[in-house]
Amino acid sequence: MYQRIKPDDVLNTGDRAIPRTHKEVSVPQHQPQCVDPRRTDQIQLEADGVHIHLSEKAITGKNTLWERSARVPLIISGPGFAAGEICQRPVELLDLYPTLVDAAGLEPRGGLEGLSLVPLLENPEAPRTVPAITTQGEGNHSIRSERYRYIRYGDGSEELYDMAQDPNEWDNLADEPEYAAVLAQHRQWLPKTNAEPVPGSKTRLLEKRDDGWYWQLEKIEGPVLMGDPSLIRR
């Protein structure tokens, strides 16, 4: 999800050139200064992942597939984008590169998983049929549609939350018969393959090996991802 704002409302510290373009992308850093509102060739991006768990469901930090951990606020401002608009469509950070290519008028590049956000930046009510997908370790995926968050873990267990009625994700609806169609709709977006971890990876790495689950290269009893499961109402 993102919010479009006026260029003169944005704070940033400088510009980083995008290769092979004459456009400019301003990336917020730590010592803010105002973007020049007179510029018409500047695209402002801000995506911040500061939302963390503060003991909800007996977990702290930013290491789950729930909304508070997986979501990042996304703000985009640029020429041709109407100011002050809010779009409720879930999008991905993978969409940023295709968006910049599209906004800069470059030749589209094939083989990308992300989609250009320019249609949504021009019209926040434009349709988007693809949900936002988040992966945390092998076999653990979250599918975020506009209303629901569906989670499937490597051990086959599932969670489904109605984000409109249950924004704190307390009530797991995955076992409720009336949500069978919603589950089927979200399951179709699960990744068909899982990439192997980069050699030497350790930090926050969860692996399923032949003899069980490993967390940061140490064997554990089951995929301990979500704190205390007894705190989820089923």
request  = Test Leu160 against the stated conditions and say whether it is part of a loop (DSSP other than H, G, I, E, B) and either under 19 Å from Ala70 (Cβ atoms) or not charged (D, E, K, R) (or both).
outcome  = no
request  = Give Gly137, Gly111 a once-over and let me know the one that is on the phi > 0 side of the Ramachandran plot and touching a residue at least 60 places away in the same chain (Cβ under 8 Å).
outcome  = Gly137
inquiry  = Looking for something under 29 Å from Tyr214 (Cα atoms), surrounded by 15 or more Cβ atoms within 10 Å (Cβ to Cβ) and basic (Lys, Arg) - is there at least one such residue anywhere in segment 135-146?
reply    = yes
note = Leu173 meets each of (1) within 19 Å of the chain's Cα centre (by Cα); (2) surrounded by 12 or more Cβ atoms within 10 Å (Cβ to Cβ) with one exception, condition (1)
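Are there strands (runs of 3 or more DSSP E) fully within segment 66-145 with at least 2 residues that are closer than 21 Å to Asp162 by Cβ? List them. Give the steps one after another, and end with the answer.
On the way: elements: 74-77, 132-135, 141-144.
Qualifying strands (runs of 3 or more DSSP E): 132-135, 141-144.
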request  = Tally the residues that are at pLDDT 90 or above, of a type in the set (S, T, N, Q) and surrounded by 14 or more Cβ atoms within 10 Å (Cβ to Cβ), restricting the search to segment 61-109.
outcome  = 1
key: Complete set of residues in segment 180-194 that are modelled with pLDDT under 95 and under 14 Å from Ala132 (Cα atoms)   = Pro191
inquiry  = Of everything in segment 147-156, what is in a loop (DSSP other than H, G, I, E, B) and either crowded, with 16+ Cβ neighbours inside 10 Å or touching a strand residue (DSSP E or B) at 6+ places or on another chain (Cβ under 7 Å) (or both)? Give them in sequence order.
reply    = Arg147, Tyr153, Gly154
request  = All but one of (1) farther than 19 Å from Asn63 by Cα; (2) in contact (Cβ under 8 Å) with a residue 24 or more places away in the chain; (3) touching a helix residue (DSSP H, G or I) at 6+ places or on another chain (Cβ under 9 Å) hold for Asp162, so report the exception by its number.
outcome  = (2)
key: Total residues in segment 110-134, condition within 25 Å of Arg68 (Cα to Cα) and loosely packed, with under 13 Cβ neighbours inside 10 Å   = 4
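Within segment 132-141, is there a residue that is under 18 Å from Arg89 (Cα atoms) and acidic (Asp, Glu)? Don't jump to the end; show me each part of the working.
Just the residues of segment 132-141 that are under 18 Å from Arg89 (Cα atoms), to begin with: 132-134.
Subset that is acidic (Asp, Glu): none.
For segment 132-141, residues under 18 Å from Arg89 (Cα atoms) and acidic (Asp, Glu): absent.
The values are calculated or read from the model by the stated rules, or taken from the named source; none is laboratory data. Quantities reported herein were computed from a predicted structural model and do not represent experimental measurements. No Cβ is skipped: glycine too gets one built from the backbone with ideal geometry, and neighbour counts run over all protein chains shown.
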